[in-house]
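The numbers here are math on the coordinates, done by the rules we state, and not lab data. Please read these numbers as outputs of a predicted model, since none were measured by experiment. So basically every Cβ, Gly included, is an ideal-geometry build from the backbone, and we count neighbours across all protein chains shown.
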Amino acid sequence: MEPRTIFLVGKPGSGKGDQGKLLAQTTGWKVITPGEQFRALSSENTPVGQKVKAVNDAGILQPYWLAEYLFLKNLFSLGADESVIFDGFARKVSEAEFIQEALAWIGRPFSVIHLIVSDEELRHRIALRKDIEGRADDNAIDERLREYREHTEPAIEKFRVSGNLIEIDGERAREPIAEDIRKALGV
């Protein structure tokens, strides 16, 4: 089987992390999450770490070049036969274009799973997550939704136009969503 490259996109709180983990459990594929990498950077006592923390806490997307750097760093470390799940990359149009160009250059096909969840449902999920995880960016949900609409929705449209987008109803229980994803990917 040829290596698979999967991207999970959607609103904050749409279940990208959970679905990435479930898909990885089924397939054995590695999950790479920029959010975790940004949070790790933000814990460093450096000027970059402090800036990344301030941007994260405000609920604003990190600069495209930082996301692109992390994407390339992770992409270039993959083996020829290694499949991967990128959870939360491609949140801006420039990132979507960059990803498409980079993957075309190395000849690596990809699919983008878009988890569709209403604002009402994601507010409920984030309230629950805030009690469990205590993430600072969960306090900035209105800003995160504004960023999603301004930047991520147009990026998702790029994938729709290119034919790489698979849309999944993300408002159900975890396992039926995971089953739909596996079925859509043929795994």
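Report summary: the helix-based calculation at 222 nm, which adds -39500 (n - 2.57) for every DSSP H run with n ≥ 4 and divides by the residues of the chain, gives -17000 deg cm²/dmol.
Computed extension length for residue 108-residue 149: 11.9 nm, one decimal, from 0.36 nm per residue of separation with the Cα-Cα distance subtracted. Note on residue 185 and residue 26: the extension gain reaches 56.0 nm, defined as 0.36 nm multiplied by sequence separation minus the Cα-Cα distance.
Fully extending the segment from residue 50 to residue 157 would add 35.3 nm, taking 0.36 nm per residue of separation and subtracting the current Cα-Cα distance. Loop sites here are trypsin sites (Lys or Arg not before Pro) outside DSSP states H, G, I, E and B with no more than 16 other Cβ atoms within 10 Å. The longest part of the chain free of them is 1-134.
Placing a pseudo-label 7 Å from each Cα along the Cα-to-Cβ vector at residue 58 and residue 43 gives an inter-label distance of 2.4 nm. Build a GNM of the chain with springs between Cα atoms under 10 Å apart, and of 104, 173, 140 the one that fluctuates most is 173. Here, P(r) means the percent of Cα pairs in each 5 Å bin from 0 to the largest distance; for the chain it is 1, 8, 17, 21, 22, 17, 10, 4, 1. Computed from point charges on the beta carbon alone (+1 for Lys and Arg, -1 for Asp and Glu), the dipole magnitude for the chain about its Cα centre is near 240 Debye.
Farthest toward the positive end of the dipole of the chain, out of 152, 122, 62, is the Cα of 62, where the dipole comes from beta carbon charges about the Cα centre.
Projecting the Cα atoms of 19, 94, 43 onto the dipole axis of the chain, where Lys and Arg carry +1 and Asp and Glu carry -1 at the beta carbon, places 43 farthest toward the positive end.
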